[in-house]
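In what follows, a structure is listed as structure tokens, so that the remarks can point back to it.
The values are calculated or read from the model by the stated rules, or taken from the named source; none is laboratory data. Treat the numbers as computed from the prediction; the structure is a model and nothing was measured. Cβ placement follows ideal geometry from the backbone for every residue including glycine, while neighbour counts extend to all protein chains displayed.
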């Protein structure tokens, strides 16, 4: 795939949102939805660019602002997709938006996934719950550039079988060459066809070469900590394990301190970190 020329820098203020229009609203489940957005200003459209793993701040006038991962492909010239769970006032407000509605967008922010470093290598992705959203961009990125990467294993865990969204998408991914999907539920329903138990139980089934692979993890911190240890036991190099951390991000530029994680700020030093960078902080109460 031909790589596009670098886009010009956007001349925008870090605290002032750009206007975006809802192009499409997609209901993934009763509480999870995807907003496909397009910036209304032509210049902003021309200069906006991001990397998988980065996030935007979505602003709903009179309600609030929230950090949401970008799930579309970086080479999409016009549409910026966000998959959102409605859990609070702002996200429930965003859930009411429909095609043609407008909102504010600041970004992109943060450090993304190691897409350039992992070219030519196998990749294993481990996620839990809606933790899959930040790595959907990675999966799409690899599948659209399939010859540039090695084998791909996607491991997805949910607490209950009813929590699994995008089942058809997983089934489709599992049919693609050198691509494997492994799914686990702590509590599987009567007709649950996948593994019942922990995500870490599935690591030994992966088709990737863990001695020369990259791992990208996202989801509950306990799951990522357990998966990191499991991957290390299977021979994966610690510096090739990447984790996307989640905290309450309000300013996105490291000023407010709400997302401070030890010496780092998730918004600007992350959200993606290598395992050695944060291994001593994983699972520590209060961080």
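For the stretch 263-287, the candidate set comprises residues that are outside any strand (DSSP E or B) and in contact with a helix residue (DSSP H, G or I) (Cβ under 8 Å, 6 or more places away or on another chain); within that set, the residue that is surrounded by the most Cβ atoms within 10 Å (Cβ to Cβ) is 275.
Yes/no per residue for (1) under 20 Å from the mean Cα position of the chain (by Cα); (2) in contact (Cβ under 8 Å) with a residue 12 or more places away in the chain:
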site: 182; (1), (2): yes, yes
site: 192; (1), (2): no, yes
site: 222; (1), (2): yes, yes
site: 243; (1), (2): yes, yes
site: 246; (1), (2): yes, yes
site: 257; (1), (2): no, no
site: 261; (1), (2): yes, yes
site: 273; (1), (2): yes, yes
site: 282; (1), (2): yes, yes
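Among the residues making up the stretch 202-245, those that are under 11 Å from residue 125 (Cα atoms) and assigned to a strand (DSSP E or B) are 213, 214, 215, 216, 217, 218, 241, 242, 243.
Scan 56, 45 and give me the residue that is part of a strand (DSSP E or B) and either touching a residue at least 60 places away in the same chain (Cβ under 8 Å) or surrounded by 14 or more Cβ atoms within 10 Å (Cβ to Cβ) (or both).
Values: 45 fails: part of a strand (DSSP E or B).
Exactly one of 56, 45 is part of a strand (DSSP E or B) and either touching a residue at least 60 places away in the same chain (Cβ under 8 Å) or surrounded by 14 or more Cβ atoms within 10 Å (Cβ to Cβ) (or both), namely 56.
No other residue among 217, 287, 282, 232 is over 20 Å from residue 52 (Cα atoms) and touching a strand residue (DSSP E or B) at 6+ places or on another chain (Cβ under 7 Å) apart from 287.
Give the number of residues within the stretch 209-224 that are at pLDDT 95 or above and within 19 Å of residue 132 (Cα to Cα). Residues meeting the conditions: 4.
If you check residue 144 against the conditions, is it surrounded by fewer than 24 Cβ atoms within 10 Å (Cβ to Cβ), in contact with a helix residue (DSSP H, G or I) (Cβ under 7 Å, 6 or more places away or on another chain) and within 30 Å of residue 21 (Cα to Cα)? In short, no. Annotation: of all residues in the stretch 6-35 being part of a loop (DSSP other than H, G, I, E, B) and under 20 Å from residue 101 (Cα atoms), the one that is modelled with the highest pLDDT is 17.
Annotation: of all residues in the stretch 147-167 being at pLDDT 85 or above and out of contact with any helix residue (DSSP H, G or I) (no Cβ under 9 Å at 6 or more places or on another chain), the one that is nearest to residue 231 (Cα to Cα) is 151. Restricting 150, 128 to residues that are surrounded by fewer than 22 Cβ atoms within 10 Å (Cβ to Cβ) and assigned by TED's automatic domain parsing to the domain that holds residue 204 narrows the list to 150. Sort out which residues of the stretch 70-106 are surrounded by fewer than 19 Cβ atoms within 10 Å (Cβ to Cβ), more than 15 Å from residue 38 (Cα to Cα) and at pLDDT below 95, and write them in order of number. Within the stretch 70-106, 85, 86, 87, 88 meet the criteria. The single condition among (1) in contact with a helix residue (DSSP H, G or I) (Cβ under 7 Å, 6 or more places away or on another chain); (2) over 24 Å from residue 236 (Cα atoms) that residue 129 does not satisfy is (2). Inspect the stretch 267-276 for any residue being over 24 Å from residue 124 (Cα atoms) and assigned by TED's automatic domain parsing to the domain that holds residue 138 and give the result as yes or no. Yes, because at least one residue in the stretch 267-276 is over 24 Å from residue 124 (Cα atoms) and assigned by TED's automatic domain parsing to the domain that holds residue 138. Of all residue pairs spaced 6 or more apart or on separate chains, those with beta-carbon atoms under 6 Å, a first member in the stretch 127-147 that is free of Cβ contacts under 8 Å to residues at least 40 places away in the same chain and a second member that is buried (at least 21 other Cβ atoms within 10 Å of the Cβ) are 142/152. Criterion first (assigned to a strand (DSSP E or B) and crowded, with 18+ Cβ neighbours inside 10 Å) does residue 67 satisfy it? Yes, satisfied. Residue 117 is checked against (1) touching a helix residue (DSSP H, G or I) at 6+ places or on another chain (Cβ under 7 Å); (2) surrounded by fewer than 24 Cβ atoms within 10 Å (Cβ to Cβ) and fails just one. What number does that condition carry? (1) is the only condition that residue 117 fails.
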